[in-house]
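As structure tokens, the structure follows; a few thoughts come after it.
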Amino acid sequence: MTANKSRFALRRLTPRALAALSACCLAALMAGPASATASPSVINAGLTDVSCPAATSCVAVGWFLGRIPGTSAYQNFTLAETWNGSTWTIVPSPSPRLPGGGAQLNSVSCTSSTSCMAVGETQTFHEPGGYLIPHPLAESWNGTTWSIAATPKLGNSGASLNGVSCTSPSNCMAVGNEGFPKNPTLFTLAEQWNGTAWKFVSTPAPLTPGGTALSTVSCGSPGTCMAVGYYGYNNGTGTSLTLAEQWNGTAWQHRDTPTPGNSGALVGVSCATAGCTAAGSHAVPAGSLGEATLAEHWSGKHWKVQPTPNPSGAGGANFDAVSCTSVSDCMATGAAVDQTGENQFTLAESWNGTSWTLLHTPGPGSFGNELLGVSCAAATACMAVGDFIGNGNGMTLAEAWNGTSWSVIKTPRP
């Protein structure tokens, strides 16, 4: 499909953290214990999502690739950070010991500073073959500690949870994908939290053959959710179509979505009182811009494309997330690349109820800058998170919007 689809698949299914491992590190994955005095090292880190119940209260989640203490083996570890209005602080989060694989958190939803749910996946390194098998992961935050919230056993052995939305501490909806170990994107996946346990919720069968996934979800109430993603992904052509499914409190139903350029994906969605806004990217069949930003609005009956600008001179651009405080106020974030495809910079656009406007965003890295998650507590208070390349390594990134401009906020390194 597009660069965004490739980046989405890597982030959610075969994380960039493991892709960044060198041959020497891969050899060390299965090595025996090292000296007990060896200090843990972190190779790469990134923040994938953020949720802000208030302007001075946010929780961000993600992953980091590091050495397992006491050994020479590496794996992915979950990462969680809290924002108090002035400082980001890392808080411990559970990570099962899985050399060569590990765990990561893909999405988080907070109803207050003391109640959050994060979802993602564990990754088991499989030999022979050297591939990762993903399994759903959920963790809850009570304002003091993170705890694993067990997810149900599925009929398929490969699955991931990519997005979550909570309307209260006792009601959350998570979405993702499931399939076989080597092909975990055969079916969409949904699970619901009742405050005590997660349960599997059936989703519609794939519309066509090919890869499919629900990338995120937004719920206005326990009985009203909208999830978006893609379907019909073709490994040969790299194309897919946009996907939306709506929850009515009893069942999920497919909702038709337009796909400009005949190839695209929706990666973010945010629902306000008078509808939902989804964000992603689509292919551009002709011209120097190979991939363009995509925004669509759900009126309650139909999805309709909203025109979005793209950075001048860019070779491609995409949205990775969107957050709306009202039908007339949304913020979408993502990334764009230059014509060479070698330099990537952060991207943000705002919606005023009539049109989308391109905003200036700082990029602290020499390349590889991206904003993967955004949450707005108010029209003048948004927090976006992602990663950038600094000193040859992936590093966490946070930027704040004050209603006038974006600024980088320092985040601690795991």
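The values are calculated or read from the model by the stated rules, or taken from the named source; none is laboratory data. Here the structure is a predicted model, which means the values were calculated and not measured. Neighbour counts run over all protein chains shown; Cβ positions are idealised from the backbone, glycine included.
Can you name the residue in the range 330-359 that is outside any strand (DSSP E or B) and among the hydroxyl-bearing types (Ser, Thr, Tyr) and is also nearest to Asn310 (Cα to Cα) among such residues? So that I can check it myself, show each step before the final result.
If we filter the range 330-359 for residues that are outside any strand (DSSP E or B), which is where we start, we get 338-343, 352-355.
Checking the rest, the ones that are also among the hydroxyl-bearing types (Ser, Thr, Tyr) come to 340, 354-355.
Details: Thr340: 16, Thr354: 17, Ser355: 13 Å.
Only one residue fits best here, namely Ser355.
Go through (1) at pLDDT 95 or above; (2) farther than 23 Å from Ser109 by Cα; (3) hydroxyl-bearing (Ser, Thr, Tyr); (4) touching a strand residue (DSSP E or B) at 6+ places or on another chain (Cβ under 9 Å) for Ser350 and report which single condition fails.
(2)
Go through the range 159-184 and give me each residue that's out of contact with any helix residue (DSSP H, G or I) (no Cβ under 9 Å at 6 or more places or on another chain) and either more than 20 Å from Ser113 (Cα to Cα) or outside any strand (DSSP E or B) (or both).
Here is the first cut: in the range 159-184, the residues out of contact with any helix residue (DSSP H, G or I) (no Cβ under 9 Å at 6 or more places or on another chain) are 159, 161, 163-175, 178-184.
Result: Ala159, Leu161, Pro169, Ser170, Val175, Glu178, Gly179, Phe180, Pro181, Lys182, Asn183, Pro184.
Under the condition of being in a strand (DSSP E or B) and small (Gly, Ala, Ser), which residue from the range 58-70 is farthest from Thr48 (Cα to Cα)? Talk me through it step by step, then tell me what you get.
Initially, the range 58-70 is screened for residues in a strand (DSSP E or B), giving 58-67.
Cutting the leftovers down to small (Gly, Ala, Ser) gives us 60, 62, 66.
Values: Ala60: 8, Gly62: 5, Gly66: 17 Å.
The selected residue is Gly66.
Do the conditions hold for Ser281, that is, is it modelled with pLDDT of 95 or more and within 24 Å of Arg255 (Cα to Cα)? Please lay out each step first, then the result.
Values: modelled with pLDDT of 95 or more: yes; within 24 Å of Arg255 (Cα to Cα): yes.
Yes: the conditions hold for Ser281.
For Arg67, indicate whether it is at pLDDT below 50 and either in contact with a strand residue (DSSP E or B) (Cβ under 6 Å, 6 or more places away or on another chain) or closer than 29 Å to Thr346 by Cα (or both). Break it down stepwise before answering.
On the way: at pLDDT below 50: no; either in contact with a strand residue (DSSP E or B) (Cβ under 6 Å, 6 or more places away or on another chain) or closer than 29 Å to Thr346 by Cα (or both): yes.
The answer is no for Arg67.
Would you please name the residue that is nearest to Thr216 (Cα to Cα), looking only at residues in the range 139-179 that are under 16 Å from the mean Cα position of the chain (by Cα) and among the polar types (S, T, N, Q)?
Taking the candidates together, the pick is Asn162.
When you look at Gly290, is it more than 21 Å from the chain's Cα centre (by Cα), under 17 Å from Ala244 (Cβ atoms), at pLDDT below 95 and of a type in the set (Gly, Ala, Ser), yes or no? Even if it seems obvious, please write down each step before you answer.
Details: more than 21 Å from the chain's Cα centre (by Cα): yes; under 17 Å from Ala244 (Cβ atoms): no; at pLDDT below 95: yes; of a type in the set (Gly, Ala, Ser): yes.
Against the criterion (more than 21 Å from the chain's Cα centre (by Cα), under 17 Å from Ala244 (Cβ atoms), at pLDDT below 95 and of a type in the set (Gly, Ala, Ser)), Gly290 does not qualify.
So which pairs qualify, if the first residue must be in the range 198-222 and within 19 Å of Gly300 (Cβ to Cβ), the second must be surrounded by fewer than 16 Cβ atoms within 10 Å (Cβ to Cβ), the Cβ gap must be under 9 Å, and the two must be at least 6 apart or on different chains?
As it stands, the answer is Gly220/Thr273; Ser221/Gly249; Pro222/Ser168; Pro222/Ser170; Pro222/Gly249, since those pairs meet every condition given.
Which condition does Asn234 not pass, out of (1) buried (at least 19 other Cβ atoms within 10 Å of the Cβ); (2) at pLDDT below 95, if it passes all the others?
Checking Asn234 against (1) buried (at least 19 other Cβ atoms within 10 Å of the Cβ); (2) at pLDDT below 95, the one that fails is (1).
Based on what the data block shows, is Gly85 among the small types (Gly, Ala, Ser) and surrounded by 24 or more Cβ atoms within 10 Å (Cβ to Cβ)?
So Gly85 does not fit the description; no.
Filter the range 203-213 for residues that are more than 22 Å from the chain's Cα centre (by Cα) and of a type in the set (Gly, Ala, Ser) and give the result.
The one that is more than 22 Å from the chain's Cα centre (by Cα) and of a type in the set (Gly, Ala, Ser): Ala205.
Checking the condition modelled with pLDDT under 95 and of a type in the set (S, T, N, Q), which residue from Thr308, Thr273 passes?
Numbers: Thr308 fails: modelled with pLDDT under 95.
Being modelled with pLDDT under 95 and of a type in the set (S, T, N, Q) holds for just one of Thr308, Thr273, which is Thr273.
Restricting to the range 89-137, give me the number of residues that are in contact (Cβ under 8 Å) with a residue 40 or more places away in the chain and within 24 Å of Ala54 (Cα to Cα).
Residues flagged as in contact (Cβ under 8 Å) with a residue 40 or more places away in the chain and within 24 Å of Ala54 (Cα to Cα) within the range 89-137 amount to 20.
Give Leu154, Leu189 a once-over and let me know the one that is out of contact with any Ser or Thr (no Cβ under 6 Å at 6 or more places or on another chain) and assigned to a loop (DSSP other than H, G, I, E, B).
Numbers: Leu189 fails: assigned to a loop (DSSP other than H, G, I, E, B).
None of the others qualify; the one that does is Leu154.
Pro362 versus (1) within 16 Å of Cys330 (Cα to Cα); (2) not in a strand (DSSP E or B); (3) not polar (S, T, N, Q): which is the lone unmet condition?
Of (1) within 16 Å of Cys330 (Cα to Cα); (2) not in a strand (DSSP E or B); (3) not polar (S, T, N, Q), only one is false for Pro362: (1).
Restricting to the range 205-231, name every residue that is surrounded by fewer than 18 Cβ atoms within 10 Å (Cβ to Cβ) and among the aliphatic types (A, V, I, L, M).
Of everything in the range 205-231, those that are surrounded by fewer than 18 Cβ atoms within 10 Å (Cβ to Cβ) and among the aliphatic types (A, V, I, L, M) turn out to be Ala205, Leu207.
Residue-wise test of (1) under 24 Å from Ser240 (Cα atoms); (2) touching a strand residue (DSSP E or B) at 6+ places or on another chain (Cβ under 6 Å).
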residue: Ala150; (1), (2): no, no
residue: Ser160; (1), (2): yes, yes
residue: Met173; (1), (2): no, yes
residue: Thr188; (1), (2): yes, yes
residue: Val201; (1), (2): no, yes
